[in-house]
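**Q** I am attaching a structure below and will ask some questions about it afterwards.
The values are calculated or read from the model by the stated rules, or taken from the named source; none is laboratory data. These numbers come from a predicted model, not from an experiment. Using ideal geometry, Cβ is built from the backbone for each residue, glycine included, and neighbour counts are taken over all protein chains shown. Protein only, heavy atoms only, side chains kept; ligands, DNA and RNA dropped before computing areas. Shrake-Rupley method; radii C 1.70, N 1.55, O 1.52, S 1.80 Å.
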Amino acid sequence: MDENTIKVIYDTHEIIFKDYTAGDVIGVYVKEDYQDINVKDKTVIDCGAAIGDSAIYFSLKGAKRVIAIEAYPKIAKVAEENVKLNNLTNIQIVSAACGIDRFITVDSRLGGGPTPLINTNNGYTVPSYSLKSIIKNFQIEKGSVLKLDCEVCEYDFILNEDSSTLEYSDQIIMEYHYGYSLLKRKLENAGFKVKVTKPELMDTQFRRGLILGKLYAFRE
């Protein structure tokens with residue numbers, strides 16, 4: 001095992017992760033950022049899948065299938081390797097972005113961690129999908145779970161959709177980056193109960209003035 005690969009013991013499972021520093025293994029498996037959602041026998045749409053750490057978590061928690069979407073091809077390839085290393089067959093890695101329907105070009109050197117979606121002139125061109133397109137293209141059934149950790153894509157992804165599209169999910173968990181008020185109002189109008197964590201002001205190497213926190217929406 002090389003220095004970029006670690007072994008994690010979670011519950012009764014032994015999990016191997018390559019390039020673990022490009023993901024959030026601590027957040028997913030130690031802090032259990034997604035413990036409040038029930039994925040048992042459900043389809044999970046995982047936007048911002050990174051190295052596949054959260055997708056593997058959902059699989060181990062009993063998800064029927066996981067559509068794991070990662071915008072940066074280099075990191076999406078790592079996610080595919082991690083899924084194979086752990087012998088999981090219900091995870092589909094998709095090299096694409098979440099947001100609106102278009103194509104974008106991303107820097108081949110970037111990816112992993114808190115890397116926002118940056119459109120460049122040179123690099124890899126990948127599709128970007130709206131929630132409506134994901135539901136159609138991957139035959140998502142109602143009652144699905146939506147996880148968003150996609151470095152600001154959550155606003156386009158949620159605010160541009162109508163209630164009939166949002167009805168395909170009965171649980172949504174996300175990290176928000178510039179406050180939650182518009183997201184909360186949109187989801188409440190679509191019939192969700194919404195809980196949020198207290199926002200924290202933070203600067204990163206890519207953006208200043210981020211207002212970060214978690215949002216959890218669910219249907220009773």
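**Q** Out of GLY191, GLY23, GLY48, any idea which swings most in a Gaussian network model of the chain, alpha carbons joined below 10 Å?
**A** GLY191
**Q** Give me D for segment 58-110 in µm² s⁻¹, whole number, from Stokes-Einstein with Rh from the Kirkwood sum over alpha-carbon pairs, 25 °C and 0.890 mPa s.
**A** This corresponds to a translational diffusion coefficient of 202 µm²/s.
**Q** DSSP loop trypsin sites (Lys or Arg not before Pro) in segment 1-74 with at most 13 other Cβ atoms within 10 Å of their Cβ, which ones?
**A** LYS31, LYS40
**Q** Follow-up question, since we're still on this one. Holding the Cα-Cα limit at 25 Å, pick out from LYS18/LYS184; LYS61/LYS147; LYS42/LYS193; LYS64/LYS147; LYS64/LYS184 the pairs that are longer than that.
**A** LYS18/LYS184; LYS64/LYS184
**Q** Are there trypsin sites (Lys or Arg not before Pro) in segment 118-220 that DSSP puts in a loop and that have at most 10 other Cβ atoms within 10 Å, and which ones?
**A** The qualifying sites are LYS142, ARG208.
**Q** Taking 35 Å as R0, compute the FRET efficiency from the Cβ-Cβ separation of ARG219 and THR12 and round it to 0.05.
**A** The calculated FRET efficiency here is 0.65.
**Q** Could I ask something else about it? Just grab the label-to-label distance for ASP41 and GLN92, each label 7 Å out from Cα along the Cβ direction, in nm (one decimal).
**A** 2.2 nm
**Q** Could you report the accessible area of LEU85 in Å², rounded to 10, computed with a 1.4 Å probe on the protein chains as they sit in the structure?
**A** Accessible surface of LEU85 is approximately 80 Å².
**Q** GNM, the chain, Cα, under 10 Å: largest mean-square fluctuation among GLN92, GLN35, GLN171?
**A** Most flexible of the set in this elastic network: GLN35.
**Q** Given a 10 angstrom Cα cut-off, can you work out which residue in VAL145, VAL196, VAL39 is the most mobile in a GNM of the chain?
**A** Result for the chain, Cα springs under 10 Å: VAL196 fluctuates most.
**Q** Be a star and scan segment 77-101 for residues whose amide nitrogen sits under 16 Å from the point 7 Å along the Cα-to-Cβ vector of ASP2.
**A** Within reach of a label on ASP2, which here means backbone N under 16 Å from a point 7 Å along Cα→Cβ, segment 77-101 contributes 77-82, 85.
**Q** Give the accessible area for ILE37 in Å² (nearest 10); use a 1.4 Å probe, count only protein heavy atoms, and leave out ligands, DNA and RNA.
**A** Approximately 20 Å² for this residue.
**Q** Can you tell me what percent of all Cα-Cα pairs in segment 76-204 are more than 23 Å apart?
**A** 39 percent
**Q** Cα-Cα pairs above 28 Å in the chain: how many percent?
**A** 24 percent
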